[in-house]
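The values are calculated or read from the model by the stated rules, or taken from the named source; none is laboratory data. Since we're looking at a predicted model, the values are computed, not measured. Counting neighbours? That spans all protein chains shown, and the Cβs are built from the backbone with ideal geometry, glycine included. To get the accessible areas, we keep the full protein, side chains included, count just its heavy atoms, and leave off ligands, DNA and RNA. Shrake-Rupley method; radii C 1.70, N 1.55, O 1.52, S 1.80 Å.
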Amino acid sequence: MIVLDRQDQLDFDEYRRVVHEHEPVDLTGRVQRHVQMRREGMEEYLAGGVAAYGITTGLGYLTARSIAEDDRPALQRSILVGRAVGVGEPLPEEVVRGAMLLRLTGFLSGHAGVTPGLCRFIADRLNDGWYPVVPAIRPGTAGETIPLCHLFQTFIGEGEVIAEGERAPAGEALTRLGVAPYELQLKEGLALINGAPLGPALAVPLAVRAEALLEQATLLGALAAELMGASSRPYSTRVGRLKGDVGQQRVHARLADLSRAERSDEPPQAPVSVRVLPQVHGAAYDQLEHLVAQLERELRAVTDSPLYLELEGDEPEGFYPSGNFHSQALSLALDALAIAFTQVAALAEKRLHRLLDSRFSGLPEQLSPDPERGHCGLVALHKAVVGLCAENRLLAAPASVHASDTSSGQEDFQAFTALAADQLGRLLDNLELTLAYELVALRQARELSAVALSPALAAVIGTAASVLEPVPCDRSLSPDVERARRLVRSGELTAAARREAAGRS
């Protein structure tokens, strides 16, 4: 069980255990008392008759409209249901659970002014496996109001959830659990939707997936270089030290573990696409590390608006409008990673093209065992990858540069984090498929090559050969590509290299 005692304690391991492994969560008495104390302070401040956004006034363009005291409880419900306009396939469970968890931890600071009862309700729903239907849209809202409305309206019995694999009305699902719909208190409807928990929840699985794909791209790049008989000198760790980039040195070290000893007879200089693997993959690792560092901050962030803050120094007690719901830093990190991984895929495309060309590979043209009879070999694999890389260049166009007026000009700037995450996810799909195409070609190249491979790379290609047959004549390669994609997705290539390394040590 993960016991939450403060807002800033969550790390990636605890996040994974709750979100992916469904480990139960609980709240300490101390943190619940802290939340209650801050709630009471906010209520006392409100009793003085101050105007408070989304509590005593309307939202957005209607912020100047005062809400009658009798209408204020109903406003919180209206906030949740009136903006649930998304349409589309549901977001994955891991993303929805992640957003719920981060909304809970953000509330524990007390600055949102919610009740301990709402915090306990969120914790209980996480423990129940509550899975609201949140359409996977990329809204042009300031913050994440539309998807968060879909998520948290289920607490009051509105919208739908997925239970036992089927969509069901949220009210019926609560009844089956023996739970009454949550009764929103002042500010709680606003607090549930005025934050930014969804962006990190979308980005965490992308970061995990990106790292796994980058490791496999490095494996295949090293394998391609050896099968083409290219010099390993560009991969020397001394070269990396002279440049000084952290990510690049990481790749040099990995290539040193993977590659065979340098030949005494120096082969001709390989094409640039073969030589710059450490530079391209290293830069991608640096961007990935930047995203991970940002996510570590996001897991501990308070992103509400307005925030209720106590007197501190010269700053008075009161409600502080906040822009913390605007996930600009996260959007920029996602966009940068998309650009970096566009280059990773482009490098794989170039390697594949060189592998098919006998001038560079020393292997039969187009990896055909019988090119003299007109067999096309594996040339079509490259054409498919060229299309994927063209799409990647479109997906690498930054989402974070857009800004539009909404709410009659009151909400006039967006981070588009969900759009940036969606583009990166689709780009990673394309990279995964690109590596699958490359793996089919590498398996055929191994069949046609007598080059002695390093033990680690021999283990990698041996794993591929266990599911991919040689191509002795022209045939449909789609089934091979699908099997290769499953192999890439499984992580077995990386595992094979690590098992071999462990056996040597």
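For the range 270-285, which residues satisfy the criterion of being of a type outside the set (A, V, I, L, M) and at pLDDT below 95?
271, 273, 275
Among all residue pairs at least 6 apart or on different chains, which show Cβ distances below 6 Å where the first residue, located in the range 135-156, is at pLDDT 85 or above and the second is among the basic types (Lys, Arg) and open to solvent by 20 Å² or more (accessible area, probe 1.4 Å)?
145/83; 146/83; 149/83
Which one is most open to solvent (accessible area, probe 1.4 Å), of the residues in the range 54-68 that are over 12 Å from residue 186 (Cβ atoms) and in contact (Cβ under 8 Å) with a residue 24 or more places away in the chain?
61
Considering each residue of the range 83-93, count those that are among the hydrophobic types (A, V, I, L, M, F, W, C) and either touching a strand residue (DSSP E or B) at 6+ places or on another chain (Cβ under 6 Å) or surrounded by fewer than 20 Cβ atoms within 10 Å (Cβ to Cβ) (or both), and give that number.
2
So which helices (runs of 4 or more DSSP H) are wholly in the range 431-505 and hold at least 3 residues that are at pLDDT below 95?
Counting at least 3 such residues, we get 455-465, 492-504.
For residue 281, only one of the following conditions fails: (1) in contact (Cβ under 8 Å) with a residue 60 or more places away in the chain; (2) outside any helix (DSSP H, G or I). What is its number?
With respect to (1) in contact (Cβ under 8 Å) with a residue 60 or more places away in the chain; (2) outside any helix (DSSP H, G or I), residue 281 is out only on (2).
For the range 17-30, state whether one or more residues are modelled with pLDDT under 95, in contact with a helix residue (DSSP H, G or I) (Cβ under 6 Å, 6 or more places away or on another chain), among the aliphatic types (A, V, I, L, M) and under 30 Å from residue 207 (Cα atoms).
So far as the range 17-30 goes, no, none of its residues is modelled with pLDDT under 95, in contact with a helix residue (DSSP H, G or I) (Cβ under 6 Å, 6 or more places away or on another chain), among the aliphatic types (A, V, I, L, M) and under 30 Å from residue 207 (Cα atoms).
Got a sec? Which helices (runs of 4 or more DSSP H) wholly within the range 94-197 have at least 3 residues that are open to solvent by 40 Å² or more (accessible area, probe 1.4 Å) and not acidic (Asp, Glu)?
Hits in the range 94-197: 170-177.
Quick one: is residue 80 open to solvent by less than 40 Å² (accessible area, probe 1.4 Å) and in contact with a Lys or Arg (Cβ under 8 Å, 6 or more places away or on another chain)?
The answer is no for residue 80.
Name the residues in the range 354-368 that are in a helix (DSSP H, G or I) and either crowded, with 22+ Cβ neighbours inside 10 Å or in contact (Cβ under 8 Å) with a residue 60 or more places away in the chain (or both), would you?
Listed by number, the residues that qualify are 354, 355, 360, 361, 367.
Test residue 304 against the stated conditions and say whether it is surrounded by 22 or more Cβ atoms within 10 Å (Cβ to Cβ) and either of a type in the set (S, T, N, Q) or at pLDDT 95 or above (or both).
The answer is no for residue 304.
Which one of these does residue 141 not meet: (1) under 17 Å from residue 107 (Cβ atoms); (2) in contact with an Asp or Glu (Cβ under 8 Å, 6 or more places away or on another chain); (3) of a type in the set (Ser, Thr, Tyr)?
Tallying (1) under 17 Å from residue 107 (Cβ atoms); (2) in contact with an Asp or Glu (Cβ under 8 Å, 6 or more places away or on another chain); (3) of a type in the set (Ser, Thr, Tyr), residue 141 fails exactly one: (1).
Quick check on my filter: what residues within the range 1-52 are without any contact (Cβ under 8 Å) to a residue 12 or more places away in the chain and assigned to a loop (DSSP other than H, G, I, E, B)?
21, 47, 48, 49 - these are the residues of the range 1-52 that are without any contact (Cβ under 8 Å) to a residue 12 or more places away in the chain and assigned to a loop (DSSP other than H, G, I, E, B).
What number of residues in the range 429-462 are open to solvent by 40 Å² or more (accessible area, probe 1.4 Å), charged (D, E, K, R) and touching a residue at least 12 places away in the same chain (Cβ under 8 Å)?
The number of residues fulfilling the criteria is 2.
Can you tell me which residues in the range 137-156 are within 13 Å of residue 417 (Cβ to Cβ) and of a type outside the set (S, T, N, Q)?
Within the range 137-156, 137, 138, 139, 140, 142, 143, 144, 146, 147, 148 qualify.
Every residue in the range 469-495 that is crowded, with 17+ Cβ neighbours inside 10 Å and farther than 16 Å from residue 432 by Cβ, please.
471, 477
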